[in-house]
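What follows is a single structure, written as structure tokens, with notes after it.
The values are calculated or read from the model by the stated rules, or taken from the named source; none is laboratory data. Keep in mind it's a predicted model, so treat the numbers as computed, not measured. Here the Cβ positions follow ideal geometry from the backbone for every residue, glycine too, while neighbour counts run over all protein chains shown.
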Amino acid sequence: MNATTYLGRPAPGFKLAAAQGGETGPQEFRGSKRVVLWFSKGLFCPFCRRNMAQLALRYPEIQALDAEVLQVTHNTLDEARGYLKHYPMKFPYLCDAERTAHDRYGVEQLGVNLGGYAASVATVVLDLVTKGETTPPPIPYLKRYSGKDSAQAVFVLDREGIVRAEHRLGPNAPLPSAAELISELQKL
């Protein structure tokens with residue numbers, strides 16, 4: 001993982017297109033809201049979709065704390081909008097297919113992760129068989145990034161845009177729970 005930390009420093013700004021329309025970034029909330037900034041692997045990752053669902057369930061509590069969740073992914077705007085047609089997204093889903101924001105925050109692209117891919121395939125099959133859920137095919141992602149996997153990261157920003165918590169995670173590591181993130185927001 002990248003050794004650069006932003007803890008206690010201003011969060012780098014960026015502006016990305018959101019699947020729900022418009023463009024936004026963390027700097028848009030400076031002076032008004034706290035921000036949970038989540039760099040995820042995106043729609044092709046069944047674990048990320050589960051984390052999205054977990055955060056969506058607790059999103060009203062997050063909003064009640066004057067906070068916003070921004071999910072930043074590798075997906076293109078077309079991929080994200082295609083997914084949005086079938087599955088609602090409660091918080092801004094920002095598309096960073098060129099990885100500019102990922103690079104600005106030091107969220108690394110890693111080598112090929114066969115164990116991670118095997119776990120993802122098993123989860124996708126399980127979701128299909130038990131819940132009838134289908135996953136977008138990962139072929140575009142694999143072509144764009146030559147089969148490389150990506151780390152994940154979660155940053156919690158205060159109202160002034162200062163990073164107050166930083167979680168740098170491996171590609172298949174669990175995110176901090178919604179309860180943990182809410183607790184971090186409550187401390188700000």
Would you be able to say whether some residue in the range 56-70 is assigned to a helix (DSSP H, G or I), more than 21 Å from Gln109 (Cβ to Cβ) and of a type in the set (Gly, Ala, Ser)? yes
Exactly one condition in (1) touching a residue at least 12 places away in the same chain (Cβ under 8 Å); (2) more than 26 Å from Lys187 (Cβ to Cβ) is not met by Lys33; state its number. (2)
Any residue in the range 96-106 that is modelled with pLDDT of 85 or more, farther than 30 Å from Lys187 by Cα, assigned to a loop (DSSP other than H, G, I, E, B) and in contact with a Leu (Cβ under 9 Å, 6 or more places away or on another chain)? yes
Which residue pairs have Cβ atoms closer than 6 Å, lie 6 or more positions apart in sequence or on different chains, and pair a first residue in the range 36-58 that is under 21 Å from Tyr6 (Cβ atoms) and among the polar types (S, T, N, Q) with a second residue that is at pLDDT below 80 and not in a strand (DSSP E or B)? Ser40/Cys48
Answer yes or no as to whether Val69 is more than 10 Å from the chain's Cα centre (by Cα) and either closer than 14 Å to Ala178 by Cα or crowded, with 19+ Cβ neighbours inside 10 Å (or both). no
Mind checking which pairs have a first residue in the range 144-167 that is surrounded by fewer than 18 Cβ atoms within 10 Å (Cβ to Cβ) and in a helix (DSSP H, G or I) and a second that is small (Gly, Ala, Ser) and modelled with pLDDT under 95, Cβ under 8 Å, 6 or more apart or different chains? Arg144/Ala97
Kindly indicate whether Ala80 is part of a helix (DSSP H, G or I), buried (at least 21 other Cβ atoms within 10 Å of the Cβ) and touching a Ser or Thr at 6+ places or on another chain (Cβ under 9 Å). yes
